[in-house]
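**Student:** My structure is below; once you've seen it, I'll send some questions.
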Amino acid sequence: MNIKQRLSGIWLISMTLLSLFAFTVYFVAQMWLNILQALYLTLAILQVATLILYLWGPEKIKSKFLKIVYRVLYASSFLVLPCFSFIFMGLVSQYHVKLPESIDAASMPVEEILPGQKTAIYNTGTVYVIFPEYAEVELVCEKRPSKSDEAITWCSGAAFQHDISLGFTHENIDGDHAVHGALYESPYNKDSFAAFTFAEGNFAFAFDDASKAIKEAAAKGGSGFMQFGLIRDGEPVMSINRPRARCYRTLAELNGSLCIIDSVNMLHFEEFMEELQRLGVTNALYMDMGAGWNYSWYRTAYNRVVTLFGLPVPWSHNWVVFKK
């Protein structure tokens, strides 16, 4: 066996192991995008098949068709590295960055966790309570908000999208929504959704008739969107089964003020809910924090942009922004 054949063997063994590892990470991390899940599984199977053919001996292949098949399979091994890189970036994006400028609120009385004149962040040890400075809260669709827009003090993903699509349509956003007074009605079932609205300088959460709340906000020239209700009048209204820890986020009302609450580290959903109840959160919507959809950033009081989760995905098309 010459050096070229030995290097080919090392390459194929490495890519096979890496492809199997990538799929395992994808599966365990529950990055549930069915298209990508099928892609990673197919890629792993192709690498195993390529390695088997290599170990059997490519020189034993006599059929011209099978030789072409082997070359195609071998060429597929060059897709493993970029696919693994995507998985690695997605996995890293599941971990929340530390916010050293936050106020230590581990032993602070809950009633003292309040907004300030500028963006204020509290760290309870379990969650960050973020009060962005704002005069308006808007839903932005299609074009991702720019970090160079100094009026924006918070940006994060908002509503679910029905299908994974690179192109944008309002119909693909789950739930009715309003953008600066323009109403967009969803063709999909909305019974399980609550609504967040902002109109005429006031925010509101609606749990009984979310569609009506969105229409009323649109009529007033405001914005709003639908998401799963998490807490209503201090009582949990959502329960999900997560077999592993992850980062969670909610758009919430605490001590009469609007805020974002993020988990400090990965934790179980029950632990997240227990902390929200300990804080006395009045109303809250669940904000999806899956890889890519957890893209978010805020602007400090010193006009510095801090990126919490920095991996935007091209099929994420709507965001909630706080603007001063």
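Bear in mind these aren't lab numbers, they're just calculated from the coordinates by the rules spelled out. Since the model is a prediction, treat every value here as computed from it, not as a measurement. Counting neighbours? That spans all protein chains shown, and the Cβs are built from the backbone with ideal geometry, glycine included.
**Student:** Going by Cα centres, segment 49-78 and segment 273-305 are how many Å apart?
**Tutor:** Cα centroid to Cα centroid, the span is 50 Å.
**Student:** Positive end of the dipole of the chain, charges at C-beta (+1 Lys, Arg; -1 Asp, Glu), about the Cα centre: which of Met108, Ala182, Ala217 has its Cα farthest in that direction?
**Tutor:** It is Ala182, whose Cα lies furthest towards the positive end.
**Student:** For Lys67, give me every one of the aspartates and glutamates with a C-alpha distance below 14 angstrom, ignoring sequence neighbours fewer than eight places off in its own chain.
**Tutor:** Glu59
**Student:** If a paramagnetic tag sat 7 Å from the Cα of Tyr302 along the Cα-Cβ line, which residues of segment 116-130 would have the backbone N under 16 Å from that point?
**Tutor:** 118-121
**Student:** Same structure, new question: Work out, step by step, the length gained on full extension between Ala49 and Thr24: first 0.36 nm times the residue separation, then minus their alpha carbon distance; give nm to one decimal.
**Tutor:** 7.2 nm
**Student:** Right, something else. Can you tell me how much longer the chain between Glu200 and Glu235 gets when fully stretched, taken as 0.36 nm per residue apart minus their C-alpha distance, in nm with one decimal?
**Tutor:** Details: separation 35, 0.36 × 35 = 12.60 nm, distance 2.75 nm.
Contour length minus the Cα-Cα distance gives 9.9 nm.
**Student:** Here's a follow-up. Go ahead and set up a Gaussian network model of the chain, Cα springs under 10 Å, then flag whichever of Ile13, Ile152, Ile214 fluctuates most.
**Tutor:** Judging by the Gaussian network model, the answer is Ile13.
**Student:** Please work out the FRET efficiency for the pair Arg278 and Leu41, using the Cβ-Cβ distance as r and a Förster radius of 45 Å; give the result to the nearest 0.05. Display every interim value, and only then the final one.
**Tutor:** Values: r = 41 Å, r/R0 = 0.92.
Efficiency for this residue pair is about 0.60.
**Student:** With a 10 Å Cβ neighbour count serving as the proxy for reagent exposure, in which order, fewest first, do His180, His170 appear?
**Tutor:** In increasing order of surrounding Cβ atoms, one gets His180, His170.
**Student:** For segment 147-218, just say rounded, prolate or oblate: build the C-alpha gyration tensor, square-root its eigenvalues into a ≥ b ≥ c, call rounded for a/c under 1.5, and beyond that prolate if a/b exceeds b/c, oblate if not.
**Tutor:** It comes out oblate by the Cα gyration axes.
**Student:** If you take the beta carbon distance between Ser102 and Lys324 as r and set R0 to 22 Å, what does 1/(1 + (r/R0)^6) give as a FRET efficiency, to the nearest 0.05? All intermediate terms of the calculation are to be shown ahead of the outcome.
**Tutor:** Values: r = 20 Å, r/R0 = 0.89.
That gives a FRET efficiency of 0.65.
**Student:** Here is a further query. Under the definition of Cα pairs under 8 Å and six or more residues apart, what whole-number percent is the relative contact order of the chain?
**Tutor:** About 21 percent, as a whole number.
**Student:** Now for a separate question. What pairs in Lys143/Lys324; Lys98/Lys190; Lys4/Lys64 have C-alpha atoms more than 25 Å from each other?
**Tutor:** Beyond 25 Å between Cα atoms: Lys98/Lys190.
**Student:** In debye, nearest 20, what is the charge dipole magnitude of segment 103-323 about its Cα centre with +1 on Lys and Arg Cβ and -1 on Asp and Glu Cβ, if you could check?
**Tutor:** The calculated dipole for segment 103-323 is roughly 620 debye.
**Student:** Here's a follow-up. Pick out which of Tyr188, Tyr128, Tyr248 has the largest mean-square fluctuation in a Gaussian network model of the chain, springs linking Cα atoms closer than 10 Å.
**Tutor:** Tyr188
**Student:** Lys/Arg Cβ at +1, Asp/Glu Cβ at -1, dipole of the chain taken about the Cα centre: which of Tyr134, Gly256, Trp154 is farthest positive-ward?
**Tutor:** Most positive-ward Cα: Trp154.
**Student:** Can you compute the modelled spin-label distance between Trp11 and Phe88, with each label point 7 Å from Cα toward Cβ, in nm?
**Tutor:** If labels sit at Trp11 and Phe88, their model points lie 1.9 nm apart.
**Student:** Let me ask another. Taking the beta-carbon count within 10 Å as an exposure proxy, list Leu276, Leu79 from fewest neighbours to most.
**Tutor:** Working: Leu276 23, Leu79 15.
Ranked by crowding around the Cβ, least crowded first: Leu79, Leu276.
**Student:** Based on the Cβ-Cβ distance of Glu111 and Glu270, what FRET efficiency does E = 1/(1 + (r/R0)^6) give at R0 = 22 Å, to the nearest 0.05?
**Tutor:** About 0.35, to the nearest 0.05.
**Student:** Going toward the positive end of the dipole of the chain, with +1 on Lys and Arg Cβ and -1 on Asp and Glu Cβ, which of Phe23, Gln227, Pro58 do you reach last?
**Tutor:** So the residue furthest toward the plus end is Pro58.
**Student:** Here's something else I'd like to know. With a 10 Å Cβ neighbour count serving as the proxy for reagent exposure, in which order, fewest first, do Asp209, Asp163, Asp262 appear?
**Tutor:** Values: Asp209 12, Asp163 9, Asp262 23.
Exposure proxy ranking, most exposed first: Asp163, Asp209, Asp262.
**Student:** Using the alpha-carbon atoms, what tilt in degrees (0 to 90, nearest 10) does helix 210-219 show relative to the longest principal axis of the chain?
**Tutor:** The angle comes out near 70 degrees.
**Student:** Using the Cα gyration tensor of segment 103-323, with a ≥ b ≥ c the square roots of its eigenvalues, what is the shape: rounded (a/c below 1.5), prolate (a/b larger than b/c) or oblate (neither)?
**Tutor:** Rounded is the answer for segment 103-323, as its axis ratio a/c remains below 1.5.
**Student:** Pick out which of Val69, Val237, Val127 has the largest mean-square fluctuation in a Gaussian network model of the chain, springs linking Cα atoms closer than 10 Å.
**Tutor:** Val69
**Student:** Between 0 and 90 degrees, rounded to the nearest ten: what's the tilt of helix 269-279 against the longest Cα principal axis of the chain?
**Tutor:** Around 20 degrees separate the two axes.
**Student:** Considering only DSSP beta bridges whose two residues both sit in the chain, what percent are antiparallel, to the nearest 5?
**Tutor:** Approximately 95 percent, going by the DSSP bridge assignments.
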